[in-house]
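The values are calculated or read from the model by the stated rules, or taken from the named source; none is laboratory data. All figures in this text were calculated on a predicted structure; none of them were measured in a lab. FYI the Cβ positions are ideal-geometry reconstructions off the backbone, even for glycines, and counts take in every protein chain you see. SASA here: full protein model, heavy atoms, side chains in, ligands and nucleic acids out. Shrake-Rupley method; radii C 1.70, N 1.55, O 1.52, S 1.80 Å.
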Amino acid sequence: MTVVRIGNEDIANALDEIANLLEIDNANPFRVRAYRNAARTVRGLGKNLETLVQQGRDLKSLPGIGRDLAANIEQMLDTGHMAALEELHKKFPASLEDLLRISGMGPKRVQALYHQLGIKSVPQLERAARSGRLCELPGFGSKLQQQILDAIAAQKVAEVRWPRAQAAMYAEQLVGYLKSIPGVSEVLVTGSYRRGKETVGDLDILVTAAKTDPVMQSIIAYQDVKQVLSAGSTRSSVILENGLQVDVRAVNQQSLGAALHYFTGSKAHNIQLRRLGQKRGLKINEYGVFKGKRHVAGNTEKQVFRSVGLPWIPPELREGGGAIDAARRRALPQLIERDDLKGDLHTHTQATDGQATIEEMVNAAQRHGLRYIAITDHSRHLTVAHGLDRKRLLRQIEHIDRINEAIKGITVLKGIEVDILEDGSLDLPDAVLARLDLVIGAVHSRFQLPRKKQTERILRAMDDRYFSMLAHPSGRLIGARQAYDVDMERLVRHAAERGCFLELNGQPQRLDLNDVYCRMAQEHGVLISINSDAHSVAGFGNLDHGIVQARRGWLSKKDVLNTRPVNALKRLLRQTRS
Ligand code: DGT
Ligand code: CA
Ligand code: CA
């Protein structure tokens, strides 16, 4: 019951990372070796460093651990971070460490690639290898070049992550199945899924039951299981037919809150919280909160947080990035919820590439509790979607006017998703755009423009007098297409100065703005619109995904444009034109 998960591995990893980055930095080889030796010592220790420190043991007495290293380790035990590592992180792009994870790539090789060819990321390495440029480097022959390409290909297969919405379908089925097992009371999905990450590596499911054996037997017998990785009395791992891994753990009721907290993670968050516990003489693990051997809390998550003097932190914020600090200062945001949304500002109809009529979309929006909906079909440049030209758009405008006269309880706004052309101009003349309530600009072509050109293209589009909002601002499609190269901070700043809005597109493959850029927009006071981009009546479900991403971006109701009542919204839209 009272086993502690020891952070030795975390510490050793940090020390190794420092050694790698120092080596890339051409640091003194003795220093590099000191970090590597220390990592090895920590790994082979056989005793929990955390416990040693608690017992007052001097870390300097360990082989290969001098004063500086001891201080580094104690700092990590204390705060969850090592300042020495953070300094190095500032110096090198994070993507450099991805290079080190490619099999066969040590720090020496990465150092050569980085300093001599300016290669900083796996895609850059792949391009260089394909073009044969790697052979220019001393020590890099054509054989190694091919090995690198093979390793990159293998890594792509191994690192499949699942879009959350896709994993959700499997999670829901499995949860239903587990709930139907006699004796099972709670079935909860934890891990990155519960934190709302846009992709998940695997599913982590927590079950409470009177008896755990039948649960474990049932999971292995689940019809969709392809392979059993491990099967124990309280924990099993299986792989489903589609390749998705599922870890199932059974716990007893008095540990439920502690287990839910632990397996929700993130790991970085768990480490930070455990530190807080230690300062109060508490041990926090997946079984509970302990004072000595006494179980003092753990039935509910709230209790776990309360044991360290904190309010409950929403899972979406548990990434180890400042939520605990905010909680301590009682400054956690009141995160936005689905019911806060009053309308949807990005939808498509049969007129272009949608599947439903305007009327059908409006009815569906009403069924989803919305008070306004903007019809924003594509513009003529997007020929694959049969984009609207001036004449067809004017006809749609009249049609919407007639619908608004006839309908009650919902307002239909007239809009367009207009292509931003390569030179930054919009795909329809201002005289037509002026007739609309809102104009959403979007990039659908020339994704490969260099950063400067791409950025200036979009800035110029924003400057159009009738531009209201930038759709899916980075253009990425999760698992399929990288974001185009653009200076997002400049876009955000410009939106703030220009007084226009940014979209958080709720399509599960887009979810773009991502969490980081949501926070950036919020800091600059740019309102974000959470839109479904629905292409059918079923598409309004995307709003739920958008909300999860917005919560990960720390957004509250006030930060989101379409939480405003229709009159306030119309005023804000008009202001973008003044
Ligand atoms: P994923 O599956 O890659 O999308 O990310 P997670 O966060 O679901 O990670 P996973 O499935 O490896 O583990 C689930 C949770 O269990 C994780 O968020 C925190 C907790 N956990 C796992 N390993 C450790 C560990 O070594 N130390 C601590 N403190 N927590 C851990
Ligand atoms: Ca997981
Ligand atoms: Ca897992």
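Would you kindly state how much longer the chain becomes between residue 516 and residue 490 on full extension, computed as 0.36 nm times their sequence separation minus their alpha carbon distance, in nm to one decimal? Please list the in-between numbers first.
Working: separation 26, 0.36 × 26 = 9.36 nm, distance 1.44 nm.
Full extension of this stretch gives 7.9 nm more.
What whole number of Å gives the distance from the Cα centroid of region 442-476 to the Cα centroid of region 405-429?
Region 405-429 and region 442-476 have Cα centres spaced 16 Å from each other.
Angle, helix 142-158 long axis vs. longest principal axis of the chain, Cα atoms, 0 to 90°, nearest 10?
The angle comes out at about 80 degrees.
Could you tell me which residue out of 397, 140, 207 lies farthest along the dipole of the chain toward its positive end? Charges go on the beta carbon: Lys and Arg +1, Asp and Glu -1, centred on the Cα centre.
My answer, from the dipole projection, is 207.
Over region 397-451, with a single point scatterer placed on each C-alpha, what log10 of the ratio I(q)/I(0) does the Debye formula yield at q = 0.13, 0.14, 0.24, 0.31 1/Å?
-0.45, -0.50, -0.93, -1.21
Which pairs break 28 Å Cα to Cα here: 279/302; 197/302; 91/302? Display every interim value, and only then the final one.
Details: 279/302 19 Å; 197/302 22 Å; 91/302 39 Å.
Beyond 28 Å between Cα atoms: 91/302.
Out of all DSSP beta bridges with both ends in the chain, state the antiparallel percent to the nearest 5. Please report the intermediate quantities before stating the final value.
Details: 27 of 59 bridges.
Just about 45 percent of them are antiparallel.
Tilt of helix 390-406 relative to the longest C-alpha principal axis of the chain, in degrees (0 to 90, nearest 10)?
90
For region 255-328, take the convex hull of the Cα atoms, compute a quarter of its surface area, and give me that in nm², please. Before the final figure, lay out each step's value.
Values: hull surface 15.8 nm².
That works out to 4.0 nm².
Hey, quick one: spin label on residue 401, modelled 7 Å out along Cα-Cβ, who in region 411-443 has an amide N within reach, i.e. under 19 Å?
The answer is 411-416, 429-439.
Cα to Cα, under 19 Å, and not fewer than 8 places away if on the same chain: which aspartates and glutamates meet these conditions relative to residue 293?
50
Can you tell me the accessible area per residue over the chain, all protein chains present, probe 1.4 angstrom, in square angstrom?
Working: 26140 Å² over 578 residues.
Accessible area per residue: 45 Å².
Give the cross-link partners of residue 211 among the lysines, using a straight C-alpha distance below 16 Å as the criterion and excluding same-chain residues fewer than 8 apart.
179
Only Lys, Arg, Asp and Glu count, each charged at its Cβ (+1, +1, -1, -1), so figure out the dipole size of the chain about its Cα centre, rounded to 20 debye.
1440
Starting at 0 and stepping by 10 Å, how many percent of the alpha carbon pairs of region 192-297 end up in each bin?
14, 38, 33, 13, 2
In the chain, with Lys and Arg counted as +1 and Asp and Glu as -1 at Cβ, which of these residues, 534, 554, 565, has the Cα nearest the positive end of the dipole, that is, farthest along it?
After comparing all options, I get 554.
Determine the dipole magnitude for region 513-578: charges of +1 sit on the beta-carbon of Lys and Arg, -1 on that of Asp and Glu, nothing else is charged, the reference point is the Cα centre, and the result goes in debye to the nearest 20. Walk me through the intermediate numbers first.
Working: 10 positive and 5 negative charges, 81 e Å.
It comes to approximately 380 debye.
Could you please state, rounded to a whole Å, how far the C-alpha centre of region 187-216 is from the C-alpha centre of region 293-360?
18
Rounded to the nearest 20 debye, what is the charge dipole size of region 8-157 about its Cα centre when +1 sits on each Lys and Arg Cβ and -1 on each Asp and Glu Cβ? Provide the component values of the computation, followed by the final result.
Numbers: 20 positive and 18 negative charges, 115 e Å.
Roughly 560 debye for region 8-157.
Applying a 10 Å radius around every beta-carbon, put 246-259, 96-109 in order of their mean neighbour count, most first.
Values: 246-259: 20.6, 96-109: 16.2.
Ranked from most to least packed, the peptides come out as 246-259, 96-109.
Mind checking the angle between helix 542-552 and the chain's longest principal axis? C-alpha axes, 0 to 90 degrees, to the nearest 10.
Helix 542-552 and the main axis of the chain meet at about 50 degrees.
Can you find, among 495, 511, 524, the residue farthest towards the positive end of the dipole of the chain? Put +1 on the C-beta of Lys and Arg, -1 on that of Asp and Glu.
Sorting the options by dipole projection puts first 524.
First compute the accessible area of the chain with a 1.4 Å probe, then give the percent of it belonging to carbon and sulfur atoms. Don't skip to the answer; put the middle values down first.
Numbers: 12710 of 26140 Å².
Carbon-and-sulfur percentage of accessible area, whole number: 49.
Calculate how many DSSP beta bridges within region 162-259 are antiparallel, expressed in % of all such bridges and rounded to the nearest 5.
On the way: 17 of 23 bridges.
Just about 75 percent of them are antiparallel.
Let's test this: bin the Cα-Cα distances of region 113-227 at 5 Å from zero up to the farthest pair and state each bin's percent.
So the P(r) values, bin by bin, are 2, 10, 15, 13, 10, 9, 7, 8, 8, 7, 6, 3, 1, 0.
Take the residue pairs 120/143; 414/570; 342/558 and return only those whose Cα atoms are more than 18 Å apart.
On the way: 120/143 21 Å; 414/570 11 Å; 342/558 12 Å.
Distance filter (> 18 Å) returns 120/143.
Just need the Rg to Rh number for the chain, please, alpha carbons only, Kirkwood Rh.
That ratio is 1.00, to two decimals.
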